[in-house]
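Trainee: Provided herewith is a single structure, encoded as structure tokens, for subsequent inquiry.
Throughout, read-outs are computed from the coordinates displayed, never taken from laboratory work. These figures come from a predicted structure and were not determined experimentally. Neighbour counts are summed over all protein chains in view; Cβ atoms, including those assigned to glycine, are modelled from backbone coordinates with ideal geometry.
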């Protein structure tokens, strides 16, 4: 019910097109990059997906986060702009339900964006890497043991397609899960700021200031706005997949809890 | 163009898609008069005023202001008009005084004009407060001050008494009433309240659904009401009855009425009869 | 009304907007970490002197995303000042030409970038001095080198500012114009490595800095500016963007 309401509020706000545009833009990054400099990548040895992620993910993650910032700000701006949220507060709906509804929509849209991006990777692999020797290496992600990628050694094309899809989904799922804490934090910031400029400003500053943090410490890597830059193969190599997923889930829940606390104390300040 | 009329519109029309906000409007505003523009909410008053200010482009028809026409003489027209449209327009981060100073600089007026305008609308004591922190009534007064600054020869005021308290309403009404004499200017003021317009205006134009139902003096409105069997002792009721009747008119009627109006316009060549007209004439019975 | 007076009016509208904070925040955010990381400038991965490395690394973030991001935010703030309380409606009903109004606002945007340029040079010298004390090795470069270099970065940002200004004029929703602006910043690192970099104004400052990088550390990047396709393209883009924004300025309010 709340979710349905939240979906209805999206009408004419341009939020869904914004997600779509962000997804298409970031999906275009590897394609443009490959089209412009294909030889410098295809000559690299190793697994194509790792090469693609290494060379493009920094930028794609940045676009994902920027899209996320804009849409979160917009979702709450439409609440605050004409005092809609005040009306919501005097109606018998749970404010936290509203937040969860927005979170759900955001998560779903982010998943869609990442699917688009993975599809673009698949396209790149098919177009630029299939002819080279690297094609057989698709399933040999460095550091991946046989249990992680059961398809290694299969040469039949149908199975290799399934294997490709599986490895892409796996990588995409990981990228999605490590993006979630940032999404929740951004929604929390947006819900706390009545003025859209403050939330947008905080978001943009966080993106650019935290982007330059080094990627070699586990603790630093767990800071929202910084985590999404990590790539699945890199974390896999460090054998930190499980702790990462655990930490990101914990952060996600923590920010949701923080929002529920904020909603309780909000009335004391306003 | 008739020299006694400072503003004239001919077949002025504005439509948004298939919605016609203003339809075939012919206004005649005399120099030095207060013209009350009357009509319910959404009748097209603001749209008309916006067209006169060049804030929105007419989809049909033309208008002349003091012999100049839009869009050719946009800047020249605006130089003569002080305006106040809908929601007050200002910069929230500036004080009332700073807001007026901006306008003063653009118009190239002397510094004293800011004080004068503040004094005129009674904002002097709040001049150092940020406009964002003004109450609704104060914002309204600031908007009025922005229109009055520099004593423009033409004033276009859109519901200037909205949001004011009764004392404020009285004050502003008296001010508007006195303007033509004090500053030798012409005022076009809109309202949705007949008693208000009656107190301020020399001439009245009644607008409903974008069409002009009546144009003339208050006396003419009374006569009109009498002759068409509407309650003439209470103009408010006459006005309401007029609007009500127009609302109940069947949908296909506008086309028919337009024809009749064009007939009327063709025989309205002499200036004497030009002052007195009922655009939706005799079929009211 | 004189253009200079109009520009003065536009500047006055920015009172209490805290725009100086927006200009200063990125400068400070970029330079404080570089003081703490100054040790890494002593042992660069490519052949470059420490003081040049400190300068280039510090301005790398500025020219890639901080200058564009500030321009985006300033653009939207300038537009929002007009739209928030319908100030633009009052301006349009005053006897000023909209083209002049639009140009005056664009001039203010450039002026804000200039202020940030001065701030960033000051921040560079402060942090270079602090780093020198910290590492016991001089990181200071001569002003005769630094000032023209930074001025070039900001001059290179003018076409980008024109494009952002056009986006801000055409797209009335503040979040969308900011979003498009910010998103367009990200791929500039891709573009400077392609042959068509000169068609992408968001990459100009970054390109200019990379050329500087190439001059002090061979093999990192080219060391010669390709003036020929670039200059005409930049002029054309700037003029076109400013012309479009002048034509469309206030169009949404005059519908």
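Trainee: For the protein assembly as shown, what is the mean residue ellipticity at 222 nm derived from helices alone (per DSSP H run of n ≥ 4: -39500 (n - 2.57); sum divided by total residues; nearest 500 deg cm²/dmol)? Intermediate values should be presented prior to the final figure.
Mentor: Working: 34 runs with 498 residues, N = 810.
So the helix-based figure for the protein assembly as shown works out to -20000 deg cm²/dmol.
Trainee: Wrap a convex hull around the Cα atoms of the range B:53-179, take a quarter of its surface area, and give that in square nanometres. Walk me through the numbers on the way to the answer.
Mentor: On the way: hull surface 33.2 nm².
Its Cα hull, projected and averaged over all orientations, spans 8.3 nm².
Trainee: Assuming 1.002 mPa s and 20 °C, estimate D for the range C:164-255 with Stokes-Einstein, Rh taken as the Kirkwood radius over Cα pairs, in µm²/s. Walk me through the numbers on the way to the answer.
Mentor: Working: Rh = 14.8 Å.
Stokes-Einstein gives a translational diffusion coefficient of 144 µm²/s.
Trainee: When DSSP assigns beta bridges and you keep just the ones with both residues in the protein assembly as shown, what percent turn out antiparallel, to the nearest 5?
Mentor: On the way: 22 of 41 bridges.
Around 55 percent antiparallel, to the nearest 5.
Trainee: Further, regarding this structure: Starting with the fewest neighbours, write out C:165, C:197, A:57 ranked by other beta-carbon atoms found within 10 Å of each beta-carbon.
Mentor: On the way: C:165 28, C:197 21, A:57 25.
Taking fewest neighbouring Cβ atoms as first place, the list is C:197, A:57, C:165.
Trainee: I would also like to ask the following. Relative contact order, percent, of the range B:96-136 when contacts are C-alpha pairs under 8 Å separated by at least 6 residues? Before the final figure, lay out each step's value.
Mentor: Working: 20 pairs, mean separation 19.4, N = 41.
After rounding, I find 47 percent.
Trainee: When the convex hull of the Cα atoms of the protein assembly as shown is projected onto a plane and the area is averaged over all directions, what value comes out in nm²? Before the final figure, lay out the partial values.
Mentor: Working: hull surface 168.6 nm².
In nm², the orientation-averaged hull projection of the protein assembly as shown is 42.2.
Trainee: Okay, next question. When only alpha-carbon atoms count, how far does chain A stretch along each of its three principal axes, as whole angstroms with the largest first?
Mentor: 64, 36, 34
Trainee: Then there's this: Could you work out, residue by residue across B:101-110, how many beta carbons of other chains sit within 10 Å of that residue's beta carbon, and then give the average as an integer? The partial results should precede the final answer.
Mentor: Values: counts 2, 9, 5, 1, 6, 10, 4, 4, 0, 0.
For this peptide, the per-residue mean of nearby foreign Cβ atoms is 4.
Trainee: Now for a separate question. From zero outward in steps of 5 Å, how is the percent of C-alpha pairs of chain B spread across the bins?
Mentor: That works out to 1, 5, 12, 16, 18, 17, 13, 8, 5, 3, 1, 0, in percent per bin.
Trainee: Moving on to the next point. Strictly greater than 31 Å: what percent of every Cα pair in chain C meets that?
Mentor: Numbers: 9284 of 32385 pairs.
Summing the P(r) of chain C above 31 Å gives 29 percent of all pairs.
Trainee: With the contact rule set at Cα under 8 Å and sequence spacing of 6 or more, what percent relative contact order holds for the range B:25-162? Walk me through the numbers before you get to the answer.
Mentor: Working: 161 pairs, mean separation 38.7, N = 138.
Across the range B:25-162, relative contact order equals 28 percent.
Trainee: For the range C:143-200, treating each Cα as an identical point scatterer without solvent, what Debye log10 I(q)/I(0) comes out at q = 0.12, 0.15, 0.16, 0.20 1/Å?
Mentor: Results for the range C:143-200 at q = 0.12, 0.15, 0.16, 0.20 Å⁻¹ read -0.39, -0.58, -0.64, -0.86.
Trainee: Rank these for me by crowding, B:202, B:101, going from fewest to most other beta carbons within 10 Å. Can you show the working numbers first?
Mentor: Numbers: B:202 16, B:101 19.
Ordered by Cβ neighbours within 10 Å, fewest first: B:202, B:101.
Trainee: Right, here's the next one. Could you list C:20, A:25, A:49, A:177 in order of exposure, starting from the residue whose Cβ has the fewest other Cβ atoms within 10 Å? List each step's numbers first, then the result.
Mentor: On the way: C:20 13, A:25 22, A:49 26, A:177 16.
Ordered from fewest to most neighbouring Cβ atoms within 10 Å, C:20, A:25, A:49, A:177 come out as C:20, A:177, A:25, A:49.
Trainee: Roughly how many nanometres apart are two label points built 7 Å out from the Cα toward the Cβ at residue C:118 and residue A:32?
Mentor: Going by the 7 Å Cα→Cβ label model, 3.6 nm.
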